[in-house]
Amino acid sequence: MSRSPKLALLAGFAALAVVAAGPLIAQPQKQAQPKPVPHAAGQPAHAKLNLGRLALPEEIKAWDIDVRPDGMGLPPGKGTVKQGDELFQTQCASCHGEFGQGNGRWPVLAGGQGSLTSDRPEKTIGSFWPDLSTVYDYIRRAMPYGNAQSLSPDEIYALTAYLLYLNDIVKDEEFELSDKNFTSVKLPNAAAFYDDDRETTEKAFWGKEPCMKDCKAEVKITGRAAVLDVTPDSKTAPKVD
Amino acid sequence: MTSPRNRESLSRRRFLGAAGMAGAGLAASATGARAGAPDPLITEVQDWNRYLGEGVDKRPYGMPSRHEKHVMRRDVSWLTASPESSVNFTPLHELDGIITPSGLCFERHHGGIADIEPANHRLMIHGLVEKPLVFTMEDIRRMPRQNRVYFLECAANSGMEWRGAQLNGCQFTHGMVHNVMYTGVPLKALLEEAGVKPTAKWLMLEGADSSGMNRSLPLEKALGDVLIAFAMNGEALRPEQGYPLRAVIPGWEGNLWVKWLRRIEVGDKPWMAREETSKYTDLLADGRSRRFTFIMDAKSVVTNPSPQAPLKHKGRNVLSGLAWSGRGTIKRVDVTLDGGKNWQSARIDGPVLDKSLTRFYVDFDWAGQELLIQSRAMDSTGYVQPTKDELRKVRGVNSIYHNNGIQTWLVRANGETENVEIA
């Protein structure tokens, strides 16, 4: 159907008419008039559709809660280690432990230094996380668990300061973290991250012709899941009515 | 009233629960009399054959047969602290073809399932754009839309197997993957409405759930095949899959596919959110970590037989499995029944689509001998699925994510199947 030149012309004309009849939102980018030609199969042309409305500054402010390592998004505010300690005990310790050591399977937030090459790496803010902004951003959007976005900017600065203290990154209980000094704090493991390099370091996984016949003389079983016996079995399966 | 059919499925389940009952599997698996006494299921009129069944409106939004109740997502309770931030697994061994039923697509939430009325949902695009915009669901449904089949795999799928065979069942070792047809609009179309500024390089996607899930996405990918989807498998997204709106990032790790998507900020640098620094970075043996490992490498698994789906019959059998690659299409799948001594190329059947699950089969005869089954996928870029040991050599055992190593199932003489590692 779309191959008919007459129909395609009509469709193109209708698209132009919609653009022309959309005066409610200003068009900042003057675009060349699209030619009324049929577009490639499966690829709809999406020149301006005039859908959506302008986001108001108050609306952007209400939702724009993200914080970046360079400080973009940090709200004005401040808080000390001491203030953070008090808040942490009431808001966070039930899951994360008084000293960020973690309760049960809830995340451990402190310690773990030197463990990253061991059999049991402990990936905490101090031992693993590269950027302090991540702490602020995550508390701000998701904590306390089950009551998200209930903390004030000052409270989040204080909690972040306390987490620095728990991880021995600041030693002074009077230390005050604020939007002014935030980006001067560096986390110890920051330099240990690099971008995906699989296409070079794992080049050997590409382009080989695998063996199909008589590939090995002997096969040995070296491990069995059944020995560990940690698979949920039918006795513990959820009941469905 | 227990019908003969019910008795049969009970005995099958008893067999599955009773590991080590030598020979029980084959004995219990006889489906009806083969010789001798006539089968009462044939010679007697059954209830369902005599009495009226339920009428048309009894199941206005249909559910699977009540005899399929064992087919369900299941979690591993010891994995996480709370079910609101947890994962369950797709029962791959109960499925066939390439499409995952919507109700069986594995779930992974960080703050529970957000319950959002579509009329109350908003999507905002702001940051480095000419015009910050707010879209309603009605707006999005008025945009040109596309239908695409893609797999969605959690980067942590098979993550429990880095140090060795741990869980018995491909539901648990490989069930953090599903494959559906998405309907949505290209993110490119939304970005063009807002007018992306020339300095833009990254996007931040954010969910409306109680974790405010956020991740950074390179602009180049966003302008490529990314969809903002409102439907899957022809119906509205399921709540546990992000109703009413989610991101679809083909071939890339599931964590980026932000559900309940409400905000896209355009920027010049990545945000270094919790999900891309403290999680979803791959810790290597030297203590350094790879970040932004977005692409899911080629992978495959034999779904049948597998520990939850043992072999029940000698003679003719169908081996079946799934293969997929985040880099393109599946070109070939090889299968071994003898632990890698000899391989044969599997028969691929059904659509072979870009960044989609692909179904393969090997039709074979089984005489009751022990089998060591593996599958090995090759994709359109020439990538060959590595063994677990080959992977460990490059990545160590601490990376948690992106374990696409070759899986081994041991089928014992009685048909019971277990997850093993071989050398």
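Residue by residue through B:158-164, how many Cβ atoms from other chains fall within 10 Å of the Cβ on average?
On the way: counts 0, 0, 2, 2, 0, 2, 6.
The per-residue average across the peptide is 2.
Could you work out, residue by residue across B:129-141, how many beta carbons of other chains sit within 10 Å of that residue's beta carbon, and then give the average as an integer?
On the way: counts 2, 4, 9, 9, 6, 8, 4, 3, 0, 1, 5, 2, 1.
What the average comes to for B:129-141 is 4.
In the range B:392-421, what residues drop by 30 Å² or more in accessible surface going from the chain by itself to the full protein assembly, probe 1.4 Å?
Buried by the other chains: B:Val394, B:Asn398, B:Glu418, B:Glu421.
Going Cα to Cα from A:Lys171, which lysines come in below 16 Å? Please leave out same-chain ones fewer than 8 positions away.
Partners found: A:Lys82, A:Lys186.
Taking the range B:309-380 as the region of interest, what is the percent of Cα-Cα pairs per 10 angstrom bin, listed from the shortest bin to the one with the maximum distance?
20, 48, 26, 6
How much of the accessible area of the range A:100-194, probe 1.4 Å, is carbon plus sulfur, in whole percent? Walk me through the numbers on the way to the answer.
On the way: 1950 of 4190 Å².
Here it works out to 47 percent.
For A:Cys211, put the label point 7 Å out on the Cα→Cβ axis and report which residues of the range B:309-337 keep their amide N under 11 Å from it.
Backbone N within reach: none found.
May I have the convex hull volume per residue, in Å³, for the Cα set of the range A:90-241?
Spread over its residues, the Cα hull of the range A:90-241 gives 254 Å³ apiece.
For the pairs A:Lys61/B:Lys197; B:Lys188/B:Lys388; A:Lys213/B:Lys299; B:Lys197/B:Lys259; B:Lys259/B:Lys299, flag any whose C-alpha to C-alpha distance is greater than 30 Å. Could you put the intermediate results ahead of the total?
On the way: A:Lys61/B:Lys197 20 Å; B:Lys188/B:Lys388 38 Å; A:Lys213/B:Lys299 22 Å; B:Lys197/B:Lys259 26 Å; B:Lys259/B:Lys299 25 Å.
In this structure, B:Lys188/B:Lys388 lie more than 30 Å apart at Cα.
Could you work out the equivalent-ellipsoid semi-axes for the protein assembly as shown, taking the square root of 5 times each eigenvalue of the Cα gyration tensor, largest first, in whole Å?
Numbers: eigenvalues 388, 231, 128 Å².
Over the Cα atoms of the protein assembly as shown, the ellipsoid semi-axes are 44, 34, 25 Å.
So what's the net charge close to B:Lys197: Lys and Arg +1, Asp and Glu -1, counting the other residues with Cβ under 13 Å from its Cβ? Don't skip to the end; give the middle numbers.
Details: positive: B:Lys131, B:Lys201; negative: B:Glu130, B:Glu192, B:Glu265, B:Asp268.
Here the charged neighbours net out to -2.
Can you pull out the trypsin sites (Lys or Arg not before Pro) in the range A:84-142 that DSSP calls coil and that have at most 15 other Cβ atoms within 10 Å?
On the way: sites: A:Arg105, A:Lys123, A:Arg140, A:Arg141; in loops: A:Arg105, A:Lys123.
Taking the range A:84-142 and a limit of 15 other Cβ atoms within 10 Å, the loop trypsin sites (Lys or Arg not before Pro) found are A:Arg105.
Could you provide, to the nearest whole Å², the per residue accessible area of the range B:279-400 with probe 1.4 Å? If you can, show how the numbers build up before the last one.
Numbers: 3880 Å² over 122 residues.
On a per-residue basis, 32 Å².
Not counting the cut sites, what is the longest span of chain B without chymotrypsin sites (Phe, Trp or Tyr not before Pro) that DSSP labels loop and that have at most 14 other Cβ atoms within 10 Å? List each step's numbers first, then the result.
Values: sites that count: B:Tyr51, B:Tyr61.
Counting only loop sites that pass the neighbour cut-off, the longest clear stretch is B:62-423.
Rolling a 1.4 Å sphere over the protein heavy atoms, what is the accessible area per residue of the range A:95-142, to the nearest Å²?
Numbers: 1960 Å² over 48 residues.
Per-residue value: 41 Å².
Would you compute the Debye intensity of the range B:279-423 from its alpha-carbon atoms alone, equal scatterers and no solvent, and pass along log10 I(q)/I(0) at q = 0.12, 0.16, 0.19, 0.22 Å⁻¹ to two decimals?
Values returned for q = 0.12, 0.16, 0.19, 0.22 Å⁻¹ are -0.52, -0.87, -1.12, -1.32.
For chain B, report the convex hull volume of the alpha-carbon atoms normalised per residue, in Å³, without decimals.
Details: hull volume 70.1 nm³, N = 423.
Dividing the Cα hull volume of chain B by its residues yields 166 Å³.
If you roll a 1.4 Å probe over the range B:215-313 with all protein chains in place, what percent of the accessible area is carbon or sulfur? Write down the numbers at each step before the final one.
Numbers: 1080 of 2090 Å².
Answer for the range B:215-313: carbon and sulfur cover 51 percent of the accessible area.
At the nearest 100 Å², what buried accessible area, both sides summed, do you get for B and A when the probe is 1.4 Å? Could the numbers behind the result be given before it?
Working: alone 20140 and 18970 Å², together 30490 Å².
Adding both sides of the contact gives about 8600 Å².
Pop out the ³J(HN,Hα) list for the range B:88-95 in order, Karplus 6.51 cos²θ - 1.76 cosθ + 1.60 with θ = phi - 60°, rounded to Hz; leave Gly and Pro as x.
Rounded to whole hertz, the list is 10, 10, 6, x, 4, 6, 9, 10.
One quarter of the convex hull surface, Cα atoms only: what value does that give for the range B:94-228 in nm²? Display every interim value, and only then the final one.
Working: hull surface 41.5 nm².
For the range B:94-228, averaging the hull's shadow over all directions gives 10.4 nm².
What are the ³J(HN,Hα) couplings of the range B:352-365, residue after residue, when phi is run through the Karplus curve with 6.51, -1.76, 1.60 and θ = phi - 60°? Round to Hz, x for glycine and proline.
9, 10, 4, 6, 10, 4, 10, 9, 10, 9, 10, 8, 8, 9
Around B:Ile348, under 12 Å between beta carbons, what's the net of Lys plus Arg minus Asp minus Glu among the other residues?
Neighbour charge sum, excluding B:Ile348 itself: +2.
The values are calculated or read from the model by the stated rules, or taken from the named source; none is laboratory data. Keep in mind that what you see is a predicted model, and the values were worked out from it rather than measured. FYI the Cβ positions are ideal-geometry reconstructions off the backbone, even for glycines, and counts take in every protein chain you see. Heads up: the accessible areas ignore ligands, DNA and RNA and are worked out on the full protein's heavy atoms, side chains in. Shrake-Rupley method; radii C 1.70, N 1.55, O 1.52, S 1.80 Å.
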